[in-house]
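The structure appears below as structure tokens.
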Amino acid sequence: MTEEMQTKLAAIVSRVAGKTVNPDPEESLFDAGYLDSFALVDMVSEIEREFHVKIPDADLTPRRFDSLARIGDYLTARIK
Amino acid sequence: MSSIQSFGRYLPDRILTNADLARLLDCDPAWIFESSGIEERRIAAEDETIAAMAERASRHCLERAGSDAAQIGLVILSSATSAQRFPGPASQLAQRLGLAGIPALDLPVASAGSLFGLALASQLAPVYGTVLVAAAEKMSGPALSEPLDRNVAILFGDGAGACLVTHSPGTLGIVDAVLHSDGTYADDLRLPLSGPIRMDGRTVILQASRRMPAAISEILARHSVEAASVHSFLLHQANNNLTARVAKTLGVSADRFFLNIRYCGNTSSASLLIAASEWHEKAVIEVGDYVCFAAFGAGFHWGALLARK
């Protein structure tokens with residue numbers, strides 16, 4: 001994950017969490033209290049918009065979006 | 001074209017408030033409302049059966065239609081919470097309505113059950129004549145089973161709904177329906193033979209928030225109907241926050257979505273017909289207006305149905 005991608009993802013998490021947060025890349029966004037089920041939905045929509053990708057329904061598993069690192073890995077593979 | 005003749009509903013008398021639940025779950029009543037949009041739900045009596053609840057809703061439906069049960073040629077009953085593996089409650093519902101001898105079909109499809117029942121009825125009405133579609137659930141038992149999961153326990157209530165579908169002109173013509181199922185997620189929302197409901201809420205919400213508006217868009221596109229021109233959306237009453245996201249995805253004002261979850265809770269398959277019954281008594285619709293039904297639930301099963309006045 002590039003530094004630019006991490007910065008963008010942290011900004012998205014801050015927007016959907018409704019507060020400024022700076023998660024550790026490996027930290028669980030759910031365990032840290034930044035995301036709940038509905039914030040996850042909003043985060044996925046923002047990721048699609050920000051990174052100009054359409055995430056297929058089959059890829060929509062909470063585990064894939066559990067941390068900035070996991071999201072970064074997924075997006076890197078998708079955008080390649 | 002098959003059409004909907006009338007709707008009916010039954011809600012048990014006992015009310016379980018968020019304050020009652022908060023004491024049981026050791027949580028804040030305000031958190032329950034913020035998480036779900038629910039303030040209270042109805043709880044059936046212990047000896048009240050699925051067939052008995054479905055009968056009450058069906059009789060209300062017949063009364064609203066101004067007709068008697070003798071016209072019914074097929075009974076479809078959706079319930080995922082009947083007391084035994086077999087027989088299901090459909091044949092008992094038919095017998096209670098004086099319809100012993102006519103075919104009665106059980107649909108244990110959970111939350112999308114009444115939508116699937118409506119879609120099936122629209123196809124079967126030309127063969128069987130009037131089809132009674134009922135849905136009844138006692139969700140409170142499994143939702144409040146030990147070990148308690150507060151994310152599950154806050155959601156569910158009990159109730160029943162009903163609808164008459166005929167092959168002659170009625171209140172709402174059934175234009176078309178789309179149904180989908182995907183067993184990939186069968187373990188993410190299930191009710192085992194014993195114990196509480198098991199739900200991975202994150203997966204359920206994530207999938208529902210995408211697939212339900214997609215099904216609605218699919219049925220609307222098939223008939224060149226703009227979402228903004230639909231008079232009312234009637235959804236399975238799962239969670240207010242989910243309904244708000246479906247509205248946002250479709251670009252439709254949330255006030256087009258009828259909601260009664262605040263005082264009924266999530267009654268699984270019964271919720272769509274309970275909501276439709278209440279909506280139908282209040283709504284002012286003109287000839288040509290479109291109404292869109294949609295549901296998503298365990299299985300996963302989901303879909304949408306388009307109807308027109």
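Throughout, read-outs are computed from the coordinates displayed, never taken from laboratory work. Bear in mind the structure is a predicted one, so any value in this text is a computation, not a measurement. FYI the Cβ positions are ideal-geometry reconstructions off the backbone, even for glycines, and counts take in every protein chain you see.
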Residue-span extension gain [B:Ala244 to B:Tyr263] - 0.36 nm each, minus C-alpha spacing
5.1 nm
So which residue, out of B:Ser277, B:Ser253, B:Ser111, gets the largest mean-square fluctuation from a GNM of chain B using Cα contacts under 10 Å as springs?
B:Ser253
What net charge do the residues around A:Phe38 carry, taking every other residue with its C-beta under 12 Å from that of A:Phe38, with Lys and Arg at +1 and Asp and Glu at -1?
0
If amide H atoms are built 1.01 Å from N in the plane of the peptide, which residues on other chains or at least 5 residues away come under 5 Å of the amide H of B:Leu235?
B:Phe258, B:Ala294
Provide the FRET efficiency to the nearest 0.05 for the A:Arg78-B:Ser67 pair, computing r from the beta carbons and using R0 = 51 Å.
0.35
Along each of the three principal axes of the Cα atoms of the range A:3-79, give the extent in whole Å, ordering the values from largest to smallest.
27, 26, 20
Estimated distance in nm for a label pair at B:Ala221 and B:Ala30, the labels positioned 7 Å out from Cα along Cα-to-Cβ
4.3
For chain B, which DSSP H helices look membrane-span-like by this rule: Cα extent along the axis of 18 Å or more and mean Kyte-Doolittle of at least -0.5?
B:50-65, B:113-128, B:201-222, B:270-282
Hz values of 3J(HN,Hα) by residue in the range A:32-45 - Karplus curve (6.51, -1.76, 1.60), Gly and Pro given as x:
6, x, 7, 10, 10, 4, 7, 5, 4, 4, 5, 5, 4, 4
So, with +1 on the Cβ of K and R and -1 on the Cβ of D and E, and no other charges, what is the size of the charge dipole of the protein assembly as shown about its Cα centre, to the nearest 20 debye?
820
Given charges of +1 on the Cβ of Lys and Arg and -1 on the Cβ of Asp and Glu, with all other atoms neutral, how large is the dipole of chain A about its Cα centre, in debye to the nearest 20?
240
When the Cα centres of the range A:51-74 and the range A:1-27 are compared, how far apart do they sit, in Å?
14
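Can you give the FRET efficiency for A:Thr7 and B:Ser168, using 1/(1 + (r/R0)^6), R0 = 45 Å, r = Cβ-Cβ distance, to the nearest 0.05?
Taking R0 as 45 Å, the efficiency between A:Thr7 and B:Ser168 is 0.10.
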Centre separation in Å (Cα based) which lies between the range B:226-267 and the range B:39-83:
24
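Summing -39500 (n - 2.57) over the DSSP H runs of n ≥ 4 in the protein assembly as shown and dividing by its residue number, what mean residue ellipticity at 222 nm do you reach, to the nearest 500 deg cm²/dmol?
-12000 deg cm²/dmol
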Pick from B:Asn151, B:Asn266, B:Asn240: which is most flexible by mean-square fluctuation in a GNM of chain B where alpha carbon atoms under 10 Å apart are linked?
B:Asn151
For the range B:172-308, compute the orientation-averaged projected area of the C-alpha convex hull (one quarter of its surface), in nm².
8.4
Cut-off is 10 Å between beta-carbons; in what order do B:Thr166, B:Thr171 appear when sorted fewest neighbours first?
B:Thr171, B:Thr166
Here the FRET efficiency for A:Ala69 versus B:Ala100, based on Cβ atoms and R0 = 45 Å and rounded to 0.05, is 0.10
Spatial extent of the range B:22-98: Rg and Dmax, with the Cα atoms as the point set, Å:
17.2, 50
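What is the mean number of Cβ atoms from other protein chains located within 10 Å of the Cβ atom of each residue in peptide A:30-42, rounded to a whole number?
Taking the mean over all residues of the peptide, I get 4.
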Which residue fluctuates the most in chain B, going by a Gaussian network model with Cα springs under 10 Å, if the choices are B:Leu179, B:Leu193, B:Leu107?
B:Leu193
Measuring from a point 7 Å past the Cα of B:Ala83 along Cα-to-C-beta, which residues in the range B:165-194 have an amide N at less than 18 Å?
B:193-194
